[in-house]
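A.B. asks: I have a structure here, written as structure tokens, and I will follow up with some questions on it.
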Amino acid sequence: MKAGVYVHLPFCKRLCHYCDFAKMKEDPELIEKYQHLLLKEMELWFKNNPSVIVETLYFGGGSPSIYPVKYIQQLIDKLRTLTNFSPVEITLEANPWELEMNKIKSWQVLGINRLSVGVQSVSASILKKVGRESPADLLNRLKMAKDSFDILSFDFILGLPGESEKNLEGNLGLIKELFPQHISYYFLDTDHDTPLMKNVHSGKIVLPDAKTMEKLYEQVKSNLSALGYQRYEISSWQRDGMLCKHNVNYWKNGDYIGFGISAGGHFKRLRYVNTTHFEEYERAIAKNLLPRAYSVFNDDLQEDIETLFMSLRLVEGLSFEKLTNSRHKLTLIEALAKKLSGFAIFENGRIHLNEAGFDNSRLVFERILEIREGITDVFST
């Protein structure tokens, strides 16, 4: 069976105040211990799934760019021995600080062909407010990366404290100058209990208001379009067909396997998430157990709801043929047409969000959950 593989490398030099991902401060001894656990987790998983064809590989974090190159090589070599390893895309997330020629060349030797750089903002003052720093020679470092990789992606965050039109112009100016193949432009996540949000709730930090955010978001969309980027997902733009194949597999609710703390997976309808705690991760693997915090085999309805949740993030949407041929299918389609009126377009056996749907995606997904609950009630009686 074909699948993507995600490996979570949680170590960081700096702990940014806005980040809610599972992460730990860089520590050589802890990294060495974590490496052994990762290799063991891979052995445990593929012992029962030996025929997986690895199509994409993604190293996320944390800050994978600080992870020792020799350890990344070991992880790749382990996957080669345990799977049919033939990825068309190997992505490494990187911080600008680690964009040095010796590292870049080492990553190339590993076979990494896609680099995703967390720029977040060109404004040093904005980054300082959220516990993040950017090198003074950022542009030169990004140029080195651009010249070295088949696909270069920049990640930005919209809505950090101090966000303004001037800052946005700086971000767009960087895009215009370097013209990477891929852009991810995310809204600041305000739903989690991060250090930044604690400061916001206490009044120490003020975020941009809704009107400002709406205006800036429209500028992001119009400017990226004018530059020739095509939006293919809620927060993702590409040019020349250089979309992220690994992420597209997520969004189509395909099969993927996650390794490391907090990593999730979806394989043959098994949906799971690993523990976020290092000690629990270590204890489970020491007992030859997979380190699950959550694990369930999806029934037809849950599989369809997840497929809708993920696929409606894509501009292309979803063909109803991708839904399971179960007794609830017609009811689900009829409920979608009713609940998502004004937010989605139904044509030729497909559904995809319109502009209003993308701009109100949270409301769309809430309504899908309501549909799920309604169907559960009907078919459980």
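The values are calculated or read from the model by the stated rules, or taken from the named source; none is laboratory data. These numbers come from a predicted model, not from an experiment. A quick note on method: Cβ atoms are made from the backbone with ideal geometry, for glycine too, and the neighbour counts reach across all protein chains shown. Just so you know, the surface numbers come from the protein's heavy atoms only, side chains and all, with ligands and any DNA or RNA stripped out. Shrake-Rupley method; radii C 1.70, N 1.55, O 1.52, S 1.80 Å.
A.B. asks: Above 18 Å lies some portion of the pair distances; for the range 148-195, what is it as a whole percent of all C-alpha pairs?
C.D. replies: Percentage above 18 Å: 39.
A.B. asks: Can you check how the C-alpha radius of gyration of the range 64-113 compares to 2.2 N^0.38 Å, as a plain ratio?
C.D. replies: Values: Rg = 11.3 Å, N = 50, 2.2 N^0.38 = 9.7 Å.
That works out to 1.16 for the range 64-113.
A.B. asks: Using unit Cβ charges (K, R positive; D, E negative) and no other charged atoms, how large, in debye to the nearest 20, is the dipole of the range 246-324 about its Cα centre?
C.D. replies: 200 debye
A.B. asks: In the neighborhood of N360, defined by Cβ-to-Cβ distances under 11 Å, what is the net charge if each Lys or Arg adds +1 and each Asp or Glu adds -1?
C.D. replies: Taking every other residue near N360 into account, the sum is -1.
A.B. asks: Before I look further, what does the chain give for accessible area per residue, probe 1.4 Å, in whole square angstrom?
C.D. replies: Per residue, the chain has 46 Å² of solvent-accessible surface.
A.B. asks: Compute the length gained on full extension between F21 and N348: take 0.36 nm times their separation in residues and subtract their Cα-Cα distance, giving the result in nm to one decimal.
C.D. replies: 113.8 nm
A.B. asks: Let me ask something additional. How much length, in nm to one decimal, is gained on full extension between D240 and A226, taken as 0.36 nm per residue of separation minus their Cα-Cα distance?
C.D. replies: 3.6 nm
A.B. asks: Per Stokes-Einstein, at 10 °C and 1.306 mPa s, what whole-number D in µm² s⁻¹ belongs to the range 155-230, with the Kirkwood radius over Cα pairs as the hydrodynamic radius?
C.D. replies: This corresponds to a translational diffusion coefficient of 118 µm²/s.
A.B. asks: Further question on the same structure: Assign unit charges at the C-beta atoms only (+1 for Lys and Arg, -1 for Asp and Glu), then state the dipole size of the chain relative to its Cα centre in Debye, rounded to the nearest 20.
C.D. replies: Dipole about the Cα centre, nearest 20: 460 debye.
A.B. asks: Continuing with this model, one more query. Counting Lys and Arg as +1 and Asp and Glu as -1, what is the net charge of the other residues whose Cβ lies under 13 Å from the Cβ of T324?
C.D. replies: My count for the surroundings of T324 gives -2.
A.B. asks: Going toward the positive end of the dipole of the range 158-268, with +1 on Lys and Arg Cβ and -1 on Asp and Glu Cβ, which of F267, N223, Y186 do you reach last?
C.D. replies: Checked the options; the winner is F267.
A.B. asks: So for the range 71-199, considering every pair of alpha-carbon atoms, how many percent are separated by more than 26 Å?
C.D. replies: Value for the range 71-199: 31 percent of Cα pairs lie more than 26 Å apart.
A.B. asks: Can I ask one more? Based on Cα positions only, what radius of gyration and what Dmax would you give for the range 200-271, in angstroms?
C.D. replies: 17.8, 47
A.B. asks: Also: Hey, any idea what % of the range 80-145's accessible area is carbon plus sulfur with a 1.4 Å probe?
C.D. replies: 51 percent
A.B. asks: Please name which of I53, V117, Y232 has its Cα lying farthest along the dipole of the chain towards the positive end, using unit charges on Cβ (Lys, Arg +1; Asp, Glu -1) and the Cα centre as origin.
C.D. replies: Farthest towards the positive end: I53.
A.B. asks: Rounded to two decimals, what ratio of Rg to Rh does the range 27-147 give with C-alpha atoms and a Kirkwood Rh? Write out the running numbers ahead of the final one.
C.D. replies: Numbers: Rg = 16.3 Å, Rh = 15.9 Å.
Rg/Rh: 1.02.
A.B. asks: Let me ask you something else. Helix-derived [θ] at 222 nm for the chain: sum -39500 (n - 2.57) over DSSP H runs of at least 4, divide by residue count, nearest 500?
C.D. replies: Theoretical 222 nm ellipticity from helices: -13000 deg cm²/dmol.
A.B. asks: Match the structure shown to one of the listed values (1) 31, 29, 21; (2) 34, 27, 17; (3) 36, 22, 21 of semi-axes √(5λ) of the Cα gyration tensor in Å, computed from it, and give that label.
C.D. replies: Only one option fits the structure, namely (1).
A.B. asks: To continue, here is another question. Given a 1.4 angstrom probe, I'd like the percentage of the accessible area of the range 206-315 that is carbon and sulfur, rounded to a whole number.
C.D. replies: Numbers: 2640 of 4920 Å².
So the carbon and sulfur contribution to the accessible surface is 54 percent.
A.B. asks: Mind checking which lysines have their C-alpha under 29 Å from K329, skipping anything on the same chain fewer than 8 residues away?
C.D. replies: Excluding near neighbours in sequence, the set is K2, K245, K252, K268, K338, K339.
A.B. asks: For E355 paired with D77, estimate the spin-label separation in nm (one decimal), with each label point 7 Å from Cα along the Cα-to-Cβ line.
C.D. replies: So the two model labels end up 5.4 nm from each other.
A.B. asks: Count neighbours as other Cβ atoms within 10 Å of each site's Cβ, and list the trypsin sites (Lys or Arg not before Pro) in the range 193-227 that are DSSP loop with at most 13 such neighbours. Don't jump to the answer; show the numbers that get you there.
C.D. replies: Details: sites: K198, K204, K211, K215, K221; in loops: K204.
Hits after loop and neighbour filter: K204.
A.B. asks: Let me ask something additional. Going by Cα centres, the range 93-159 and the range 239-261 are how many Å apart?
C.D. replies: Cα centroid of the range 93-159 versus Cα centroid of the range 239-261: 20 Å apart.
A.B. asks: For Cα pairs less than 8 Å apart in space and 6+ apart in sequence, what is the mean separation divided by the residue count of the chain, i.e. the relative contact order in percent?
C.D. replies: Relative contact order here is 15 percent.
A.B. asks: Still on this structure, please answer the following. Over all directions, what mean area does the Cα convex hull of the range 219-261 project, stated in square nanometres?
C.D. replies: On the way: hull surface 16.7 nm².
For the range 219-261, the mean projected area of the Cα convex hull comes to 4.2 nm².
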